[in-house]
Every structure is written in C-alpha cells, then in structure tokens.
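Down below is the structure, laid out as structure tokens.
The values are calculated or read from the model by the stated rules, or taken from the named source; none is laboratory data. This one's a predicted model, so the numbers in the text were calculated from it and none came from an experiment. All Cβ positions, even for glycine, are placed from backbone atoms using ideal geometry, and neighbour counts span all protein chains on display.
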Amino acid sequence: MQTPENTKDVKKYKTSDIALASTLILFQQTLMYVEPINRKPGQRSEIFHFVFEDTQERENLVIKYSSNHDDIRVIPNAFRATMRYLKELTKNYNKD
C-alpha cells in the first residue's frame, strides 16, 4: 500500500463509506492508503478515509453504486472478506 507522500501528484478520491470502498476494490479500483479523519494527537480515530486513485471508471462506479444500479453486483463472500480486510486496516492503523 502506498503513502500520502508517495502519491502527491496522483488525483485522489476519498470516501469514509466502507461498503463503497469494498465495492470499489472488488471492481479493481486501486486503494492507495487509509487515513484517519479529524485525528487528535494521542487519540485513535474511529472514522477513516479510504483513498483511491481517481479515474473515470471510479466515478462511473460511484454513480452506479449511489443509484443502486444493476451493474453493481458483488459476490457476498468476497464482499465480506474485503470489508474485514478494510476493518483490519483501520483497526491496526499506526499500531506500534
């Protein structure tokens, strides 16, 4: 996974919707990194942004996802596994 510093020149799309992030991953979109939202020093953030490389395909997928389009179908087990993966990323964020 990349870091914000390594992707300064890449156009990004951020979402805090873990279901949307899982869907984007299952549709082969590039998850670059996760980052906490409004993190205060010494506190663990409960909300994270999932940061993707922004592409035209990503935009089309989000529009279809938001409108409950029939093209957005995922395999349930793969979806659950991807959700678990993302939850683990946030749970272990900056864990020493």
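Numbers for the structure displayed
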read-out: Test: residue in the stretch 33-46 that is surrounded by 15 or more Cβ atoms within 10 Å (Cβ to Cβ), more than 12 Å from the chain's Cα centre (by Cα) and at pLDDT below 85; value: yes
read-out: In the stretch 6-26, the residues that are among the acidic types (Asp, Glu) and at pLDDT 95 or above; value: 17
read-out: Any chance residue 3 is farther than 14 Å from residue 93 by Cβ, under 15 Å from the mean Cα position of the chain (by Cα) and modelled with pLDDT under 95; value: no
read-out: Candidate set: the stretch 12-30, residues that are closer than 13 Å to residue 90 by Cα and hydrophobic (A, V, I, L, M, F, W, C); chosen: the one surrounded by the fewest Cβ atoms within 10 Å (Cβ to Cβ); value: 18
read-out: Hits in the stretch 60-85 (condition: of a type outside the set (Ser, Thr, Tyr), without any contact (Cβ under 8 Å) to a residue 24 or more places away in the chain and out of contact with any helix residue (DSSP H, G or I) (no Cβ under 7 Å at 6 or more places or on another chain)); value: 60, 63, 64, 68, 69, 70, 73, 76, 77, 80, 81, 84
read-out: Residue in the stretch 58-79 that is nearest to the chain's Cα centre (by Cα), counting only those that are surrounded by 12 or more Cβ atoms within 10 Å (Cβ to Cβ) and among the β-branched types (Val, Ile, Thr); value: 62
